[in-house]
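Below is one structure, written out as structure tokens; comments come after it.
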Amino acid sequence: MNHPGGEPGMVVAGLLDFVRKAIEPRDEALSEVVEDPRRRYQRDGAEAPELTAARRAARIESAAAGYYQMFCPVELGGGGLGHQLSFLSWEALHHRYGPGELLAYNTISHWANGPSVIWSKASPQLFESVFPRVITGEASGCFGMSEPGAGSDALAMTTRATRDGDTWSITGSKQWTSFSPTADYILLFAVTDAELSKARKGGISCFYVPMGAPGARVESIIRMFGEAGGREAILSFEDVRVPDENRIGELNRGFDLAMLGASQGRLYNSARSVGLGRWALERSAAYAQSRWASGKPIAEYQSIQNMLADMAVEVYAARTMGLDCGARADTGADVRRELAMTKLFATNAAVRAFDNAMQIHGALGLTNELRLHDGWKTVRAIRIADGTDEILRRTIAREVLRGRMDF
Ligand SMILES: Cc1cc2nc3c(=O)[nH]c(=O)nc-3n(C[C@H](O)[C@H](O)[C@H](O)COP(=O)(O)OP(=O)(O)OC[C@H]3O[C@@H](n4cnc5c(N)ncnc54)[C@H](O)[C@@H]3O)c2cc1C
């Protein structure tokens, strides 16, 4: 399999070039479906089958070109490229393509849905039987941690896995699981030792479960922000049986695995925020120079300039934090504190950037056509997903109170 190598700038340029040639035409062909809420979603809220099929095709094409798996470890067959480059790649895609449901965003594997370091913890049997379809983009997954009664406090989960010889029986429910309605499998977290879990000393394990397994059901799709459908869902598992070889990572240490993934998710979400913030800033600066009010371009009013300046300062600061955080992660350092600071700052900066962008565009800024509301919704949701602002602040404060104030 071919992997993009070379300088970071060349990798990003290669990715953008690949997306422009191979994926942009597919996005254009699909735009009528994506932009029409009556066609984008089915009655139950699930996305249109042609959108799911197009995502899969985009993943497969990107994997064949070596981009989809470029951040997956070399020993698993991936490109082994680093965290800083991952930040730059996600940022570049979002900067170029802006808000919305675009196939372009399926060209790099997200840690929870595709080939990632998590798979280095799979048993040889599971790896051999499943991973070949994961790394080629044919199969994709979702990540089941949150439950109706366990969000920020994920350790309060009640989904149980009980051992019966070489088989596990899993019963419980999950909520907010992104991409679950269209996923082929779920990385499902369940309590395997109630005492350890109650004492908050582990007791949670991770299982690979096919979404079509008997007893696994998508109960309902969650509609958010006024949408007619969505990608998050409530799932139920009733005596779902999986062999022990489907357990990923050490027994009772599943939470560590989840945190490993969440760290990658925080860098990804920071990069998305920076890319989208840059997109919003550039559009706002261009509009401010072309829109006239009371005899001159609104860009000449200081209140408009102040908004543009604030957006620029925050995009620059968030980008610098993301690049530094990625570089530190590439040395193998523990960057939990830096990741929490970066995600907290970058997502909030992006929310402010979209709010300012709407203000600068006046009523036009509120139209669907400009997609600013879409960008706002994306970054607003990330202030909750993958560690809320409050949980990130808790992580940062804990580190500070431990004396870690060296920056
Ligand atoms: C778009 C989206 C996609 C998601 N995708 C997934 C997914 O794929 N898989 C998955 O498992 N989960 C997913 N989630 C769930 C996400 O991880 C949770 O929403 C998040 O952990 C917060 O949990 P909660 O919503 O139950 O809020 P709660 O935990 O109930 O929190 C409510 C409020 O209380 C605050 N709070 C809670 N505890 C504390 C504390 N100790 N100190 C201070 N404040 C606190 C929170 O910050 C928040 O403001 C997704 C969420 C969203 C919005």
Largest-first principal axis extents, alpha carbons of region 349-404, Å: 48, 19, 11
Cα axis of helix 302-330 to longest principal axis of the chain: angle in degrees, 0 to 90, nearest 10? 30 degrees
Expected max-MSF residue from Ser294, Ser62, Ser180 in the GNM of the chain (alpha carbon, under 10 Å) is Ser294
Excluding Arg278 itself, what net charge comes from residues whose Cβ is under 12 Å from its Cβ, given Lys and Arg +1 and Asp and Glu -1? +1
Build a GNM of the chain with springs between Cα atoms under 10 Å: which of Gln289, Gln69, Gln305 gets the top mean-square fluctuation? Gln289
Over region 265-407, what is the relative contact order in whole percent, taking alpha-carbon pairs under 8 Å and six or more residues apart? 30 percent
With label points built 7 Å along Cα→Cβ from the Cα atoms of Ala293 and Leu401, find their separation and express it in nm. 4.6 nm
Cα gyration tensor, region 148-244 - rounded (a/c under 1.5), prolate or oblate: oblate
Cβ-derived FRET efficiency at R0 30 Å, Thr167 paired with Ala53, nearest 0.05: 0.35
Among residues other than Gly98 whose Cβ falls under 15 Å from its Cβ, what is the net charge (Lys/Arg +1, Asp/Glu -1)? -2
For region 256-401, what is the convex hull volume of the alpha-carbon atoms per residue, in Å³? 108 Å³
Which angle from 0 to 90°, rounded to the nearest 10, does the C-alpha axis of helix 372-382 make with the longest principal axis of the chain? 40 degrees
Tell me the label-point distance for the pair Ser31, Asp193, using the 7 Å Cα-to-Cβ offset, in nm and rounded to one decimal. 5.6 nm
A 1.4 Å probe over the protein heavy atoms gives region 141-252 a carbon and sulfur accessible-area percentage of 48 percent
Rounded Å value of the spacing that divides the Cα centres of region 17-35 and region 181-239: 31 Å
Under a 1.4 Å probe, counting only protein heavy atoms, His361 has an accessible area in Å², nearest 10, of 10 Å²
Contact order relative to length for the chain, counting C-alpha pairs under 8 Å separated by 6 or more residues, stands in percent at 15 percent
Say R0 is 45 Å: what FRET efficiency, to the nearest 0.05, do Glu245 and Ile60 get from their beta-carbon distance? 0.95
Which value in deg cm²/dmol, rounded to the nearest 500, describes the helix-derived mean residue ellipticity at 222 nm for the chain, given -39,500 (n - 2.57) per DSSP H run of n ≥ 4 and division by the residue count? -15500 deg cm²/dmol
On C-alpha positions alone, give me the angle between the axis of helix 336-360 and the longest principal axis of the chain, in degrees, nearest 10. 40 degrees
Relative contact order, percent, region 147-286 [alpha-carbon distance under 8 Å, six or more residues apart]: 24 percent
Rounded to whole Å, √(5λ) for the Cα gyration tensor eigenvalues of the chain, largest first, gives 36, 24, 22
Sites excluded, GluC sites (Glu not before Pro) in DSSP loops with at most 13 other C-beta within 10 Å, longest stretch of the chain: 251-407
At 1.4 Å probe size, with every protein chain present, just tell me what the per residue accessible area of the chain comes to in Å². 45 Å²
Can you give the FRET efficiency to the nearest 0.05 for Met10 and Asp374, using r as the Cβ-Cβ distance and R₀ = 30 Å? 0.45
For region 1-108, the Rg and Dmax computed from alpha carbons only, in angstrom: 14.8, 47
Taking only Cα atoms of region 48-138, radius of gyration then Dmax in Å: 13.3, 41
Net charge within 12 Å of Leu235 by Cβ-Cβ distance, Lys/Arg positive one each and Asp/Glu negative one each, not counting Leu235 itself? -2
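Given 0.36 nm per residue, what is the gain on full extension from Arg38 to Arg96 after removing their alpha carbon distance, in nm? Kindly include the intermediate steps, with their values, before the conclusion.
On the way: separation 58, 0.36 × 58 = 20.88 nm, distance 2.70 nm.
Extra length from Arg38 to Arg96 when fully extended: 18.2 nm.
The values are calculated or read from the model by the stated rules, or taken from the named source; none is laboratory data. Keep in mind that what you see is a predicted model, and the values were worked out from it rather than measured. Backbone-built Cβ (ideal geometry, glycine too); neighbour counts: all protein chains shown. Each accessible area value is taken on the protein alone, full model and side chains, heavy atoms only, with ligands, DNA and RNA left out. Shrake-Rupley method; radii C 1.70, N 1.55, O 1.52, S 1.80 Å.
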